[in-house]
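Student: Sharing a structure, written as structure tokens. Questions coming.
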Amino acid sequence: MAKVAILGLVGEEGFYIVDLEAGTVAPMTVPAKGALQTVVDLQKAGGSVIKGVSVAISVTSAEDISNGRFDG
């Protein structure tokens, strides 16, 4: 099972690297070429790319998660 994910949020530029084992989230420098460039272009056009993730939900706060609420 993967322990690291790339995360991009609607309305925000750029991506984050989420390391589940280390418990960290850090901004990612996106390469100007390569397979990830296709993902960058899709995100800029309003698209989404999902691979190897079974659930991803946007919430406005940790309190929303605790109360069982999510956006959408």
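The values are calculated or read from the model by the stated rules, or taken from the named source; none is laboratory data. Treat the numbers as computed from the prediction; the structure is a model and nothing was measured. Quick reminder, even Gly has a Cβ in these numbers, built from the backbone with ideal geometry, and neighbours come from all protein chains shown. Just so you know, the surface numbers come from the protein's heavy atoms only, side chains and all, with ligands and any DNA or RNA stripped out. Shrake-Rupley method; radii C 1.70, N 1.55, O 1.52, S 1.80 Å.
Student: Ile65 fails exactly one of the following numbered conditions: (1) outside any loop (DSSP other than H, G, I, E, B); (2) of a type in the set (A, V, I, L, M, F, W, C); (3) in contact with a strand residue (DSSP E or B) (Cβ under 8 Å, 6 or more places away or on another chain). What is the number of that condition?
Tutor: The single condition Ile65 does not satisfy is (3).
Student: What's the number of the condition Ala26 fails, among (1) assigned to a strand (DSSP E or B); (2) closer than 22 Å to Phe70 by Cα; (3) not charged (D, E, K, R)?
Tutor: Every condition holds for Ala26 apart from (2).
Student: Could you list all residues from the stretch 6-23 that are in a strand (DSSP E or B), within 20 Å of Ser48 (Cβ to Cβ) and out of contact with any Phe, Trp or Tyr (no Cβ under 7 Å at 6 or more places or on another chain)?
Tutor: Phe15, Tyr16, Ile17, Val18 - these are the residues of the stretch 6-23 that are in a strand (DSSP E or B), within 20 Å of Ser48 (Cβ to Cβ) and out of contact with any Phe, Trp or Tyr (no Cβ under 7 Å at 6 or more places or on another chain).
Every residue, every condition in (1) of a type in the set (A, V, I, L, M, F, W, C); (2) open to solvent by less than 90 Å² (accessible area, probe 1.4 Å), yes or no:
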site: Gly23; (1), (2): no, yes
site: Thr29; (1), (2): no, no
site: Gln37; (1), (2): no, yes
site: Val40; (1), (2): yes, yes
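Student: Tell me whether the stretch 44-57 contains one or more residues that are in a helix (DSSP H, G or I) and open to solvent by 90 Å² or more (accessible area, probe 1.4 Å).
Tutor: Yes, the stretch 44-57 contains at least one residue that is in a helix (DSSP H, G or I) and open to solvent by 90 Å² or more (accessible area, probe 1.4 Å).
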